[in-house]
1. Please enumerate the residues belonging to the stretch 72-96 that are under 21 Å from Arg151 (Cα atoms) and under 15 Å from the mean Cα position of the chain (by Cα).
2. Residues of the stretch 30-73 being closer than 18 Å to Arg17 by Cβ, part of a helix (DSSP H, G or I) and either among the charged types (D, E, K, R) or touching a residue at least 24 places away in the same chain (Cβ under 8 Å) (or both), which ones?
3. Name the residue that is farthest from Asp167 (Cα to Cα), counting only residues in the stretch 86-131 that are modelled with pLDDT of 95 or more and among the basic types (Lys, Arg).
4. Can you name the number of the only condition in (1) crowded, with 19+ Cβ neighbours inside 10 Å; (2) under 27 Å from Pro91 (Cβ atoms) that Gln107 fails?
5. Among the residues of the stretch 175-197, what is the count of those that are touching a residue at least 24 places away in the same chain (Cβ under 8 Å) and within 23 Å of Thr15 (Cα to Cα)?
6. So which of Glu67, Glu26 is within 13 Å of the chain's Cα centre (by Cα), of a type outside the set (Gly, Ala, Ser) and under 27 Å from Glu213 (Cβ atoms)?
7. Among Glu104, Glu118, Glu85, Glu132, which is the only one that is of a type outside the set (Phe, Trp, Tyr), farther than 19 Å from Ile16 by Cα and touching a Ser or Thr at 6+ places or on another chain (Cβ under 8 Å)?
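The values are calculated or read from the model by the stated rules, or taken from the named source; none is laboratory data. Predicted, not measured: the structure shown is a model, and the values here were computed from it. Counting neighbours? That spans all protein chains shown, and the Cβs are built from the backbone with ideal geometry, glycine included.
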Amino acid sequence: MAIRKLYGTLGSPDTIRALASIFEHELDFEFIPIDLNAGEHKTESFLSLSPFGLVPVYQDDGLTLFESRAIMRFISHYYRKPGTELVYEVPKLQGIAATWIDVEDHQFSPPAEKLRQELVDKAKKGLPMDKEVVAEAEAKLVKVLDVYEERLTHSKYLGGDRFTSADLTHLPYLYHLMGTPVKQLFEERPNVSTWCKDILSRPCWSKVVEMVEKDKV
């Protein structure tokens, strides 16, 4: 079987989302770093894989995918593990989990990305944060987390009673934000706090964090 390849950068939440899915399913793969600062994502060869010049890109036995959530969905369906599937086979349960994947994409990620840029990226560069942007993003995130708190009173995980891709897709931004003052917004909501601790402790995520931290050295 042809080796699986993941092209990306470990500073990208989208890349580490795909990595989490790969590790969760215990797949062998080759990681190919793409230097965004050097413009490698704008080269003709890379654009032939990802027409919008975005990371990550995943290749698997002749299949090429871009967009991290599409990669995550493909892996979770194609490499289902009996008893620990990250997707449900029952259509109604599939629909519920799919809803929360979309919620992460459209409601959670936008303010989380703003906060990551302001509180993580700018801090690394020694730049001051934009307090107005932070306040606006926090207000939006609070509304999302209130919905999550209510949802998690009815099930252990967002997608249902077991860990699914609906939870996995949140890991990149949780990782970045838990090292900032925004962590308090998660901790002051007991159900959300328990959920965060649970999914952030998964072995697959520990492997991702190990890769990311080594890359920082």
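1. If the condition is that a residue be under 21 Å from Arg151 (Cα atoms) and under 15 Å from the mean Cα position of the chain (by Cα), then Leu86 is the only one that fits.
2. Ser68, Arg69, Ile71, Met72, Arg73
3. Once the filter is applied, the top-ranked residue is Lys131.
4. (1)
5. Residues flagged as touching a residue at least 24 places away in the same chain (Cβ under 8 Å) and within 23 Å of Thr15 (Cα to Cα) within the stretch 175-197 amount to 7.
6. Unique residue meeting the criteria: Glu67.
7. Exactly one of Glu104, Glu118, Glu85, Glu132 is of a type outside the set (Phe, Trp, Tyr), farther than 19 Å from Ile16 by Cα and touching a Ser or Thr at 6+ places or on another chain (Cβ under 8 Å), namely Glu85.
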